[in-house]
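The structure appears right after this line, and notes come after that.
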Amino acid sequence: MRKPRGYWDVYENVYNEALKYASSKEFNANNRTAYMKACHNRWIEDFTWFKRPEHWNKKWNYVTCKEESKKYSNLYEFQHGSSGAYQVASKNKWLKEYEWLIYKQRPKGFYTYKVCKEISANYTNRTDFRKGCYQAWWVSLKNGWIDDFTWLIPKDEVWNKFTIYCYKFKTAIYIGLTMRAPEERDYEHRNCIKSSVFKHSLITGEEIPKMIIVQDELLKTDAQKIETELIEKYKNQTNIKLLNKVRGGGLGTYGKGSYTKSKCLKIAKTCKSRVELKKKSYQAWYISKKSGWIDDYVWFKRPIHIQWDYKSCKKEAQKCKTRNEFNNSNKSAYLSSWKNGWLDDFFPKNK
C-alpha cells in the first residue's frame, strides 16, 4: 500500500523497513524510496547487520583483477558480478589477457523469422517476449513479423482488469470502479478530502466501513455495465443516499477515455524519449505504458547507464557549488561519491 507523503522522512520508519532485509542490495531492490532516503540522510551507516560483498572496498590491481576474473566464464558475468574489478581491468586494457572469458554474441543474421517464431512460442504476450529475449523481439518488431505471432496477447487484454467495489454506510452507499489495486483505492478514499466517502464520514461522524468487493477480474465493457446497473438500482431508493456524483461507467483518470492508440502514437511521435513523453502528456504516457504500446515507440532513446568512477563524479561535481545542489542535479553520481567517500574531496568541509 502506498505510504502517505513524508512517511520515509522519519528515521524510525526507514529503520523498521531496513530490518526486513539482509543487505543494502536487497533493501534497494525491494524499497528504493526508503533506501535512497537512508543513503541521503546517512542513516544506512546505522544498519550494521547489512552484509558487505566479499570484494567490497578492495583495492584492485593487476593481480587481484586477474584472480577475480577467473571466477567468471564470460565478460557479462564479470562486469555484473564484480563491477569494480571489471572497470579497472577495462581501463588498463587487461581484459584481452583474460582468455578464459568468452564474449557471448550471436553471429550477424542469427535471428531469422524461423528462430524468432520459435523463441516467441515460449511466451504468451509481447511484454514477456521483450523481457525474455530482447534481441528476438526487436528483430521481430523491426521486420513486422510480430503481428504473425498471434499467440502473443496484447498487454491491455492481459492486465486491464477492472474491480467493482462499494462502501455501505447506515443510510448511504458509494459504488466505485477501478483497474488499480483495491487497497490503493481504499487508501485514497480514507485519506483524500476530495473523496465522497471521506466527506460523508467527516460530515456525519460515521466511521468509514470496510470496502466490499462486489466483483473483480472484469473486462472494461462488463465492468461499466454492472456499475451503471448498480447505481441505477440505488438511485431510485429513498431510504438510501447515493454518494456517487457522476453517472456510472466512468473509468476515471486511469481509464483510456479519449486516449486511443492512434492519439497516443501521434503525441509520442513529437517526443524523443519516454521521459519527454511523460512530461509532455502524463495521460498519454500512462495509457501507452499500461497498454504495452510504449514498446512500439522504437525511436525513443534508451537511457544511458554510466559507470560512475572518481573522474566522472568529480567532473559532474564541478558543475555544482554545494553538496545539496550536487545531490539534486545528479543523484546517481552523488550516491556513488558518498559511498566511496569522495564528497570531502569535491566539497571540503570548513574547519
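Among the candidates TYR187, TYR123, which residue alone is part of a loop (DSSP other than H, G, I, E, B) and surrounded by 13 or more Cβ atoms within 10 Å (Cβ to Cβ)?
Only one candidate qualifies: TYR123.
Can you name every residue in region 108-140 that is among the hydrophobic types (A, V, I, L, M, F, W, C) and within 15 Å of THR150 (Cα to Cα)?
CYS116, ILE119, ALA121, PHE129, TRP137
For region 10-23, does any single residue satisfy the condition of being modelled with pLDDT under 85 and within 26 Å of SER312 (Cβ to Cβ)?
Yes, region 10-23 has at least one match.
From the list PHE78, PHE47, pick out the single residue that is touching a Ser or Thr at 6+ places or on another chain (Cβ under 6 Å), of a type outside the set (Val, Ile, Thr), surrounded by 12 or more Cβ atoms within 10 Å (Cβ to Cβ) and at pLDDT below 85.
Details: PHE47 fails: touching a Ser or Thr at 6+ places or on another chain (Cβ under 6 Å).
Unique residue meeting the criteria: PHE78.
Identify the single condition in (1) without any contact (Cβ under 8 Å) to a residue 40 or more places away in the chain; (2) part of a helix (DSSP H, G or I); (3) not aromatic (Phe, Trp, Tyr) that ASP295 does not satisfy, given that it satisfies every other one.
Tallying (1) without any contact (Cβ under 8 Å) to a residue 40 or more places away in the chain; (2) part of a helix (DSSP H, G or I); (3) not aromatic (Phe, Trp, Tyr), ASP295 fails exactly one: (1).
Tally the residues that are surrounded by 16 or more Cβ atoms within 10 Å (Cβ to Cβ) and either assigned to a helix (DSSP H, G or I) or not assigned by TED's automatic domain parsing to the domain that holds LYS235 (or both), restricting the search to region 190-212.
5
The values are calculated or read from the model by the stated rules, or taken from the named source; none is laboratory data. All of these numbers come straight from a predicted model, not from anything done at the bench. FYI the Cβ positions are ideal-geometry reconstructions off the backbone, even for glycines, and counts take in every protein chain you see.
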